Amino acid sequence: MSDSAELLEKWLLERDVDLSSCSIHHFPETGRGLMAKKTITKGTPILSIPFDLLITTRQFMLSPPPTNGRCCDPTPCARSGHCHAFLARLYAEERHLRDPVLLLVGFLLHHMAMGEASPFYPYLHTLPCTYSIPVYFPPVLLAHYAPDEGSAAPEEGGECTASGDGRGDADVLHIHRTRRRKVREQMRTLQALHRGLCDLSRACPALFRVHGCQETTLSLHAVRWAWSSLMTRCVYTDMDSLFPLPAPRTEGLGPDVYGMAPWLDMINHRDGAQTKGRYDPATHAYLIVAEEDFAPGQQIFISYGPHGNERLLAEYGFVHDSISPHDVLLIPEPLLEAQLDRCPASDAIRAFLKSLIGPDFMQACSIQWSPPASGGAPRTPELSWALATTLRTIFYAIHARTTPTERWRAALLDERGLSRDSERDLWGWVRDLAVQVQAQCSHDMETLPTLEQLWTEGPSPRKADSLLEEGRLACINPPLLRSWFQKCWQSNHAMIRGDAGFVSFLLHCCRQMGRYQMSLLEEIIQVAQTKINRYS
């Protein structure tokens with residue numbers, strides 16, 4: 001156990017937290033996690049963290065009053081009391097107007113500025129210094145996620161880097177728009193938080209001031225760290241239910257459901273993990289309860305939710321080490337757009353689909369694994385409702401040579417209402433798409449070892465030119481990695497070379513995600529061919 005983990009353990013034991021069932025351990029497969037120290041039987045609480053030790057918005061109300069009313073008091077504890085009172089007033093009087101994430105990020109940054117004087121220092125000291133979610137990707141990589149939005153990527157010291165020249169590089173690279181939107185959303189969130197926290201800092205200058213400094217420095221880099229710590233390590237705590245507001249929360253503000261739980265947040269994710277987390281009103285604590293027996297030395301897991309690799313990478317910064325039943329194949333919007341353009345009255349069809357599914361119906365078009373079947377039957381790929389409805393509308397329009405009407409709705413909700421030709425062509429399109437993606441994915445998987453070797457040798461402009469001429473950078477998947485490697489070898493920039501660890505991490509993610517996607521694609525092709533045979 002590391003020194004920081006020992007300090008955290010001592011801090012929790014001094015607060016009467018029972019740690020007799022589990023300890024922090026480093027596992028070869030997952031890194032730091034929680035290990036069972038003894039036999040744990042089904043139904044037994046593994047861990048119970050008093051709610052008052054969680055970092056939630058309730059901490060503002062538990063904060064001690066200031067020792068005096070002066071914001072300039074030189075002692076950290078007195079200054080912290082004043083700052084807590086400031087946050088408590090915001091929480092109590094303006095809670096319905098304030099984004100809870102803003103207040104929690106501010107709370108984290110305030111206690112980080114306190115250093116060892118913070119009562120939460122033993123816990124904060126165990127948090128990672130950096131994360132691997134997209135907002136931590138190097139700027140040259142983030143540039144291809146939002147080239148047309150003027151977003152910025154946070155840098156060390158709070159500097160910002162322009163995100164591109166606005167010429168639509170990402171569309172050329174076929175980066176899926178849904179993935180780009182997710183990253184753009186994270187980047188916009190960070191910048192909005194930075195602006196909001198700067199406003200709080202002006203209202204209470206001591207809030208983020210490091211002890212001994214005369215000026216307040218609040219960098220975008222620091223905000224990125226605090227927000228990432230909260231988002232990647234939080235547990236669900238429905239504060240709005242536990243402590244209801246006298247007035248409804250202002251529209252547009254997120255729910256107050258975030259909490260950071262010391263020790264508990266060391267538990268790693270696994271699909272189907274047989275543990276559950278919940279708030280226990282009887283003990284006023286957050287519990288982790290075993291739903292199966294654990295042997296001594298066994299790693300304890302919990303499920304972060306039914307997330308595929310795309311979402312796990314975007315929100316938590318890792319991918320599965322085994323095939324995930326929650327992986328999906330996102331359908332590239334240009335392919336659907338091209339198929340729509342072949343329809344008669346394509347504008348009317350688009351309007352019809354927007355009214356039936358929603359304005360962003362293409363973002364919901366995907367292929368995923370079916371839900372678990374009774375009796376242990378194997379899962380099979382299935383079209384999302386949005387994709388099935390979109391494709392049925394397209395091929396119904398092509399074969400019927402008519403524009404959508406209300407009478408279409410009943411037919412679209414049931415494949416028996418469509419012609420056999422429409423269904424055959426629909427599944428033919430799905431099969432051809434899967435074959436096309438499978439061919440590219442196979443090529444990408446073959447390219448990865450070459451990329452690893454080339455990166456080990458070191459980037460150079462000459463190597464980039466050679467690779468471009470041979471077409472060996474044309475199909476690297478994900479496309480964001482292709483753009484990064486291309487810029488690395490062409491620029492030979494010193495900053496890029498410093499990201500070697502991130503390169504290795506992304507290559508690992510590409511390998512894992514490619515392997516699982518190939519498995520899904522093979523199943524999709526088989527299902528589609530079976531459907532084609534049925535309707536031929």
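The values are calculated or read from the model by the stated rules, or taken from the named source; none is laboratory data. Quick caveat: nothing in here was measured; it's all calculated off a predicted structure. Note: ideal-geometry Cβ built from the backbone for every residue, glycine included; neighbour counts use all protein chains shown. The protein model used for the area step is the full one, side chains on, heavy atoms only, and it has no ligands, DNA or RNA in it. Shrake-Rupley method; radii C 1.70, N 1.55, O 1.52, S 1.80 Å.
A few remarks follow.
- Using a simple spin-label model with pseudo-atoms 7 Å out from Cα toward Cβ, I398 and M518 lie 3.0 nm apart.
- Here the 3J(HN,Hα) profile of region 324-338, calculated from phi with Karplus coefficients 6.51, -1.76 and 1.60 at θ = phi - 60°, is 9, x, 9, 5, 10, 9, 6, 7, x, 4, x, 5, 5, 4, 5 Hz, Gly and Pro shown as x.
- Solvent exposure of S419, expressed as accessible area, is near 50 Å², computed with a probe of 1.4 Å over the protein chains only.
- Mean projected area (nm²) of the alpha-carbon convex hull when region 225-368 is viewed from all directions: 13.7
- FRET efficiency, 1/(1 + (r/R0)^6) with R0 51 Å, evaluated for Q191 and E116 via beta carbons: 0.95
- Convex hull volume per residue for region 286-351, taking Cα atoms only, in Å³: 184
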